[in-house]
1. Considering only protein heavy atoms and a 1.4 Å probe, what is the carbon-and-sulfur percentage of the accessible area of the protein assembly as shown?
2. Per residue of B:99-107, what is the mean number of Cβ atoms on other protein chains within 10 angstrom of that residue's Cβ?
3. How far apart, in nanometres, would the label points at A:Val39 and A:Tyr84 be if each is projected 7 angstrom from Cα along the Cα-to-Cβ direction?
4. Past 32 Å, Cα to Cα, is the threshold; run A:Lys4/B:Lys65; B:Lys4/B:Lys55; B:Lys4/B:Lys65; A:Lys65/B:Lys65 against it and keep the listed order.
5. Put the label 7 Å from Cα along Cα→Cβ for B:Gly112; what are its distances to the other copies, in nanometres, shortest first?
6. For the protein assembly as shown, give the magnitude of the charge dipole about the Cα centre (Cβ charges: +1 Lys/Arg, -1 Asp/Glu; no others), in debye to the nearest 20.
7. What is the P(r) of the stretch A:19-110, as percent of Cα-Cα pairs per 5 Å bin from 0?
8. Mind listing the label-point distances from B:Gln25 to the same position on all other copies, shortest first, one decimal in nm, points 7 Å along Cα→Cβ?
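The values are calculated or read from the model by the stated rules, or taken from the named source; none is laboratory data. In this text the structure is predicted, and so the values were computed from the model without any measurement. Virtual Cβ from ideal backbone geometry, glycine too; neighbours counted across all protein chains shown. Ligands, DNA and RNA are excluded from the accessible area calculation, which covers all protein heavy atoms including side chains. Shrake-Rupley method; radii C 1.70, N 1.55, O 1.52, S 1.80 Å.
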Number of protein chains: 2
Amino acid sequence: MSVKLRWPSYHGRVSRTPPHPEGWQIDLQQVLEAVVDPVRRSIVAQLDAAGHDIKCGDFDLPVSKSTATHHFTVLREAGLIRQYYVGTARLNTLRRADLDRALPGLLDALMGRAAAPSA
Amino acid sequence: MSVKLRWPSYHGRVSRTPPHPEGWQIDLQQVLEAVVDPVRRSIVAQLDAAGHDIKCGDFDLPVSKSTATHHFTVLREAGLIRQYYVGTARLNTLRRADLDRALPGLLDALMGRAAAPSA
């Protein structure tokens, strides 16, 4: 189901930036498999609420560092977050625009931000 | 995580109508666990597209009858569908209004019906 991602390379050297799907590769099945986990939904919610990028170590999560790393990887591979390095810190961006384009309304609905129906 | 549902009874006799959560008991975690399965999402999509109730036997599903029955139960217990009998046939209703109230925008987003962002 999931798209095979290649680690980016530059002149034959492997990049430190991990692989990400393109926006058009974001797929409902893979996104649902990512967000069905409450810890992963919490990562998305914390990025959404902060409105800025957050270091992996700065999230408030009830799991070990290695488990958290796994959750970040699942979110990155599903296209929910973008990860990049600044020095030795790995930072995380919510891919809001890409998600809104690929799966309109889903992020808002998951974050409880969609308007309730009138009537 | 899931709410304990009691089989309805009437004057001590167990009803043929299986138990359903109330609208206010519909919970994001349980709904996501239901819709993460593609067969269950297909059941919801078929009800959504039909716009009318459908008998369990009349869905187009790539699984055995007993597996389908399990999927219907998961959807019913999560509050996505309502099940009732007419004679010996078990019919299924999409609980659209209850879902839209409990989790605004989610059903539309899952069905690919939410408006794409402008810009």
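1. Working: 7010 of 13320 Å².
So the carbon and sulfur contribution to the accessible surface is 53 percent.
2. Details: counts 1, 4, 3, 1, 5, 9, 14, 7, 2.
Rounded to a whole number, the mean comes out at 5.
3. Inter-label distance under the simple model: 2.7 nm.
4. Numbers: A:Lys4/B:Lys65 34 Å; B:Lys4/B:Lys55 26 Å; B:Lys4/B:Lys65 25 Å; A:Lys65/B:Lys65 43 Å.
Over 32 Å apart, Cα to Cα: A:Lys4/B:Lys65; A:Lys65/B:Lys65.
5. Listed shortest first, these distances are 3.0 nm.
6. Numbers: 30 positive and 24 negative charges, 79 e Å.
It comes to approximately 380 debye.
7. 2, 14, 28, 28, 18, 8, 2
8. 4.3
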